[in-house]
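Engineer: Below you'll find the structure I mean.
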Amino acid sequence: MITVGVGKAHNAQALGHLAVRQGAHVRFAKTSRILAELAGGHADRIWEKRIRELVRPDVLILDDFAMRQLSAAHADDLYELVSERQGRSLIITSNRAPSDWYPLFPNPVVAESLLDRLINTSHQVIMNGPSYRPKNPTDKPTEPAVK
């Protein structure tokens, strides 16, 4: 199942906005950017500082999770991030069903442990429908039919 343009990131941002209005510290980022940030932390030896910064927010929103195959280092970093945030709010958007995430991890043990933490402690909202994005840059998004 691939769901593109149905408003996943928009809804995640709206939840983050609501949390901010209630006094929460929220961080929103593409998952690829978070993984690049952590990888850079390994390179410049400030990984611990960077992971602490990602654990700190009351709500962390990871957009476009599981877009592509992960390297072993990225998978390990993601595992550490999710483990450190255990019990804290995490919102994930993805174009793939959670059952399709497992093959993206090079190590099945890391995949099972990480995804068990994510999937079994989460509320899943499946969004299907037509894309709100215009087909051409000059087109306006179409409204879904209301029944």
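Engineer: How large is the accessible surface per residue of the stretch 1-144, computed with a 1.4 Å probe and reported in Å² as a whole number? Don't skip to the end; give the middle numbers.
Structural biologist: Values: 8910 Å² over 144 residues.
Value for the stretch 1-144: 62 Å² per residue.
Engineer: Of all the accessible heavy-atom surface of the chain, with the other protein chains kept in place and a 1.4 Å probe, what percent is carbon and sulfur? The partial results should precede the final answer.
Structural biologist: Details: 5020 of 9370 Å².
Carbon plus sulfur share of accessible area: 54 percent.
Engineer: Let me ask something else about it. Over the chain, what relative contact order in percent results from Cα pairs under 8 Å that are six or more residues apart?
Structural biologist: Numbers: 182 pairs, mean separation 41.3, N = 147.
It rounds to 28 percent for the chain.
Engineer: Consider all pairwise Cα distances in the chain and report the whole-number % of them above 25 Å. Intermediate results must be reported in sequence, preceding the final value.
Structural biologist: Numbers: 3539 of 10731 pairs.
Cα-Cα pairs in the chain separated by more than 25 Å: 33 percent.
Engineer: Now for a different question. Can you tell me which of S71, S32, S94 moves the most in a GNM of the chain? Springs connect C-alpha atoms under 10 Å apart.
Structural biologist: Highest fluctuation among the options: S71.
Engineer: 222 nm [θ] for the chain, helices only, -39500 (n - 2.57) per DSSP H run of 4+, per residue, to 500?
Structural biologist: Values: 5 runs with 61 residues, N = 147.
It comes out at -13000 deg cm²/dmol, rounded to the nearest 500.
Engineer: Identify which of V125, V110, V59 has the largest mean-square fluctuation in a Gaussian network model of the chain, with springs joining Cα atoms closer than 10 Å.
Structural biologist: V125
Engineer: Note the angle between two axes, namely the Cα long axis of helix 8-21 and the longest principal axis of the Cα atoms of the chain, as a number of degrees from 0 to 90, rounded to the nearest 10.
Structural biologist: 70 degrees
The values are calculated or read from the model by the stated rules, or taken from the named source; none is laboratory data. Note that the coordinates shown come from a computational prediction; the quantities given were computed from them, not determined experimentally. For the accessible areas, the whole protein counts, side chains as well, though only heavy atoms, and no ligand, DNA or RNA atoms are used. Shrake-Rupley method; radii C 1.70, N 1.55, O 1.52, S 1.80 Å.
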